[in-house]
Amino acid sequence: MKRIAVLGAGAMGVGIAQVAAQGGYEVVVRDLQMTLVQRGLTRIFQSLDEAVSRGEMSAEERDNIAARLKGTTDLSDVHDADLVIEAIIENASVKKQVFAELDAHCSEKTILGTNTSSLSISEIASATRTPQRVIGVHFFYPVPEMELVEVVKGLQTSAETVERTLEVTRNMGKRAIVVERDSPGFVVNRIMASMLNEAIWVYGEGLASAEDIDLAIKLETGMAQGPLELADILGLDTLYSVIMALYEDFKDPKYRPHPCFSTMVKSGQLGRKTGQGFYIYK
């Protein structure tokens, strides 16, 4: 395993590309527009500069890492990658289209990974002729700082694909858990979505203010952020999509969103990224 391709130059994609380059891999970042690719690479270079200024790496290490990164808009540039990690929009139809294209472009030895946080690995793999090489590689935001990766088996993912993927995550400096069965939300999002959704129900029923709900949970559990603070950080639209996916797949009322949550998302109050969610941000 020498070369990794990352599809998508957004926050998750560039984070994955950075840790891959830091792990010693040659990395190509691909997006639909070169302006997006360049913006993503600039974000990585800034992150590396900050690491140097904090004394976490030398200037020589930074330069070596940067030299292992390149950008492209041409999907054919990923054909010789040992591992492709897709980190594009969380939409099953779009991902399946991309995986069908990857299946046609890449060597049959190339592992095809998806960074999906909630979609079915098996469904995405169904768009390929070789589903045994398709695997979930779910990183967490911000990627350079978060240690955990969920390595998720699809229905037909091979043992070799799992082992080779685990080796890559170790080289990236991550700790991986293997999710043995393809299930909505995998492990972390399934547990966290339930907790955050319940906190929103408590808020929506007027049992306590957002500040007091968060304070109570932080004092009781030692969490750095309370559930409503965390929801604002994640983005209420993102969280809503995850919760709705769980609700639709499991048909379990515990995943039903409170009406106030739906209203906030529809009105554009999405948390920190829009300046207002459960809290107001200046």
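Results, tabulated for the structure shown:
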read-out: Flag if Glu211 is part of a helix (DSSP H, G or I) and either under 22 Å from Lys273 (Cα atoms) or among the hydrophobic types (A, V, I, L, M, F, W, C) (or both); value: yes
read-out: Of residues in the range 72-109 being closer than 14 Å to Val28 by Cα and charged (D, E, K, R), the one surrounded by the most Cβ atoms within 10 Å (Cβ to Cβ); value: Glu86
read-out: Flag if Lys282 is part of a helix (DSSP H, G or I), surrounded by fewer than 20 Cβ atoms within 10 Å (Cβ to Cβ) and of a type outside the set (Gly, Ala, Ser); value: no
read-out: Near pairs, Cβ below 6 angstrom, 6+ apart or cross-chain, from the range 131-147 (without any contact (Cβ under 8 Å) to a residue 12 or more places away in the chain) to any residue that is in a loop (DSSP other than H, G, I, E, B) and surrounded by fewer than 22 Cβ atoms within 10 Å (Cβ to Cβ); value: Met146/Phe140
read-out: The lone exception for Met12 - which of (1) surrounded by fewer than 23 Cβ atoms within 10 Å (Cβ to Cβ); (2) of a type outside the set (S, T, N, Q); (3) touching a helix residue (DSSP H, G or I) at 6+ places or on another chain (Cβ under 7 Å) it fails; value: (3)
read-out: Exclusive hit being out of contact with any Phe, Trp or Tyr (no Cβ under 8 Å at 6 or more places or on another chain), exposed (fewer than 15 other Cβ atoms within 10 Å of the Cβ) and not in a loop (DSSP other than H, G, I, E, B), set Gln18, Gln46; value: Gln46
read-out: Residues that are within 22 Å of Val188 (Cα to Cα), outside any loop (DSSP other than H, G, I, E, B) and charged (D, E, K, R), drawn from the range 120-167; value: Glu123, Glu150, Lys153, Glu163, Glu167
read-out: Any hit, the range 238-248, residues being acidic (Asp, Glu) and surrounded by 14 or more Cβ atoms within 10 Å (Cβ to Cβ); value: no
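The numbers here are math on the coordinates, done by the rules we state, and not lab data. These numbers come from a predicted model, not from an experiment. Cβ coordinates were reconstructed from backbone atoms using ideal geometry, including for glycine residues, and neighbour counts include every protein chain displayed.
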